[in-house]
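**Student:** Quick one: the structure is below, questions incoming.
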Amino acid sequence: MEMKGRSFTIVVSQGSDGVRLDQFLSQTDLGLSRSQAKKRIEEGSIRLNQNAAKPSVHVKAQDRVSGTLPEPQPLSLEPEPLPLTILHEDPSIIVIDKPAGMVVHPASGNVSGTLVNALLHHCKDLAGINGVLRPGIVHRLDKGTSGVIVVAKDDEAYHHLIRQFKNRAVEKVYLAMAFGPFGSDEGVIDSAIGRHPSERKRMSTRTRKGRPAVTRWKVLERFDGVTFLEIVPHTGRTHQIRVHLASIGHPLLGDPLYGRKGRPGTIRDPVLKGCVERLGRQALHAHRLAFTHPRTGERVEFVSPLPEDMREVLEGLR
C-alpha cells in the first residue's frame, strides 16, 4: 500500500483475489469498516483501476484500488481538565483506571464530565477515529462500575481492538460482591440477554430477542448474606454481569437497577448497611484486562486494585 497524505493506492494481492471491494478495503490498514468503505466507494472517492465501481464488485490480483480519505474532523465536545488515573499510554492506546461515578461517553443527560471529555483534554496526539478527531471507545463500563478500560487513539488501534472484542480475544476479570450465599464454589451462567420487555433502561434474560451471553463466576470469600466473587464474562452484553447475577437470585450488593435484594433497605446488619450506603453504587470492579497490543502484537495485561469504597465493604464484612 502506498499513502500520500490522505491519498492512497493499494495493489490487490493474490490472497485477496475474488473478495468484494468493500470487504477488501475493510481488511486493509486504512481503518475503514465495511459500511464506511461502501459509502466512500458509492460517493466516488475510492476507485478501482481508476474507474468508478460498485461496493459489490469482486477484486482481482494486481487490481489497483486508489482514493482519498478526508482529514479527521473535530468532535463537537468540550475538552475538560478532569483528573485521570492512567495505567498506560503510548501513541496507539491509553489505559485508564476509571472511577465509579464517571460516565464513559457523552449522551443525553451526560454531555460533560465524561471520560471522553477528559481524554480530549489529555490526549494531544489523537489521529482520528472513523473520520472524527476523537478517542476511540471500544468497550464501556457502567457509570457505577470502576476499573480498567482501554481506549484507542488512532483508527488502526480502534479497529484492531474492536476485532479482538468481537472475536472474544480480550480477557476481562471483575471483582464483585453479590447478595446471598452461593451453593457451589464456581459456576457458569449461560442465558441470552436482551432489552427488558417493559422497562427501557433495563436488560433482562426474559426476552424474546436476546443475544447469547455467558458469565463464569468463582467464589473468593463467603460472608453472612454476601459473597465476594471473581467474574469472567465471555461475552460483552450491556449490564451482563448485573443481569446474570440478578437472574439467579444474587444481585450485586448496592445495585440500584437490578433486584431489591442487596440494597441498604433490605440489609439488617447495621455495619454492612452503613458500608453499602456509603458505597452508593453496585459493588462491581473491572479488575484485570488483557489483550494483544494493536501495534506491537504483544499480549499485554493491566490490573486495577480493588478501590477504597469496595475495600471498606469487605473490611466491614470481615
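The values are calculated or read from the model by the stated rules, or taken from the named source; none is laboratory data. Worth saying up front: this structure is predicted, and the values here are computed from it rather than measured. Counting neighbours? That spans all protein chains shown, and the Cβs are built from the backbone with ideal geometry, glycine included. The protein model used for the area step is the full one, side chains on, heavy atoms only, and it has no ligands, DNA or RNA in it. Shrake-Rupley method; radii C 1.70, N 1.55, O 1.52, S 1.80 Å.
**Student:** Tell me the residue from 234, 250 that is more than 27 Å from residue 312 (Cβ to Cβ) and either in contact (Cβ under 8 Å) with a residue 60 or more places away in the chain or touching an Asp or Glu at 6+ places or on another chain (Cβ under 7 Å) (or both), please. First the steps, then the outcome.
**Tutor:** Values: 250 fails: more than 27 Å from residue 312 (Cβ to Cβ).
Exactly one residue qualifies, and that residue is 234.
**Student:** Name the single residue, out of those in region 69-87 being at pLDDT 85 or above and touching a Gly at 6+ places or on another chain (Cβ under 8 Å), that is most open to solvent (accessible area, probe 1.4 Å). Explain how you work it out, then say what you get.
**Tutor:** Start the filter on region 69-87 by keeping residues that are at pLDDT 85 or above, which leaves 79-87.
Keeping just the survivors that are touching a Gly at 6+ places or on another chain (Cβ under 8 Å) gives 80, 82.
Working: 80: 38, 82: 54 Å².
If we take residues in region 69-87 being at pLDDT 85 or above and touching a Gly at 6+ places or on another chain (Cβ under 8 Å), then 82 is most open to solvent (accessible area, probe 1.4 Å).
**Student:** May I pose another question? State whether the residues of region 144-164 include one that is under 21 Å from residue 96 (Cα atoms), modelled with pLDDT under 95 and touching a Cys at 6+ places or on another chain (Cβ under 8 Å).
**Tutor:** Scanning region 144-164, I find at least one residue that is under 21 Å from residue 96 (Cα atoms), modelled with pLDDT under 95 and touching a Cys at 6+ places or on another chain (Cβ under 8 Å), so the answer is yes.
**Student:** For a quick check of your reading of the model, give me the residue pairs whose first member lies in region 10-31 and is at positive phi, whose second is surrounded by 14 or more Cβ atoms within 10 Å (Cβ to Cβ) and in a helix (DSSP H, G or I), with beta-carbon atoms closer than 7 Å and at least 6 apart or on different chains.
**Tutor:** 31/155; 31/156; 31/158; 31/159
**Student:** Which pairs turn up if I take residues in region 264-282 that are open to solvent by 70 Å² or more (accessible area, probe 1.4 Å) and look for partners that are of a type outside the set (A, V, I, L, M, F, W, C) and part of a loop (DSSP other than H, G, I, E, B) with beta carbon separation below 8 Å, at least 6 apart in sequence or on another chain?
**Tutor:** That search, which allows pairs on different chains as well, returns 269/224; 269/225.
**Student:** Which number in (1) at pLDDT below 90; (2) assigned to a strand (DSSP E or B) marks the one condition that residue 10 misses?
**Tutor:** So the condition that residue 10 fails would be (1).
**Student:** Just name the residue that is surrounded by the fewest Cβ atoms within 10 Å (Cβ to Cβ) out of those in region 88-110 that are within 24 Å of residue 155 (Cα to Cα) and without any contact (Cβ under 8 Å) to a residue 40 or more places away in the chain.
**Tutor:** 107
**Student:** Next question, about the same structure. Can you pull out every residue in region 242-263 that is open to solvent by 20 Å² or more (accessible area, probe 1.4 Å), touching a Ser or Thr at 6+ places or on another chain (Cβ under 8 Å) and modelled with pLDDT of 80 or more?
**Tutor:** Across region 242-263, the qualifying residues are 247, 250.
**Student:** Another question, if that's okay. State all residues of region 196-222 that are open to solvent by 40 Å² or more (accessible area, probe 1.4 Å) and in contact with a helix residue (DSSP H, G or I) (Cβ under 7 Å, 6 or more places away or on another chain); if no residue qualifies, say none.
**Tutor:** 205
**Student:** For region 22-50, how many residues are over 20 Å from residue 160 (Cα atoms), in a helix (DSSP H, G or I) and either open to solvent by less than 30 Å² (accessible area, probe 1.4 Å) or in contact with a strand residue (DSSP E or B) (Cβ under 9 Å, 6 or more places away or on another chain) (or both)?
**Tutor:** Looking only at region 22-50, we keep the residues that are over 20 Å from residue 160 (Cα atoms), and these are 39-50.
Checking which are in a helix (DSSP H, G or I) leaves us with 39-42.
Filter once more, so that each one left must be either open to solvent by less than 30 Å² (accessible area, probe 1.4 Å) or in contact with a strand residue (DSSP E or B) (Cβ under 9 Å, 6 or more places away or on another chain) (or both): 40-41.
Final tally of qualifying residues: 2.
**Student:** Would you mind listing the strands (runs of 3 or more DSSP E) fully within region 119-190 where at least 3 residues are surrounded by 22 or more Cβ atoms within 10 Å (Cβ to Cβ) and touching a residue at least 40 places away in the same chain (Cβ under 8 Å)?
**Tutor:** Of the strands (runs of 3 or more DSSP E) lying wholly inside region 119-190, those with at least 3 residues that are surrounded by 22 or more Cβ atoms within 10 Å (Cβ to Cβ) and touching a residue at least 40 places away in the same chain (Cβ under 8 Å) span 146-152, 171-179.
**Student:** Tell me yes or no: at least one residue of region 284-292 is free of Cβ contacts under 8 Å to residues at least 24 places away in the same chain and of a type in the set (D, E, K, R).
**Tutor:** No, that holds for no residue.
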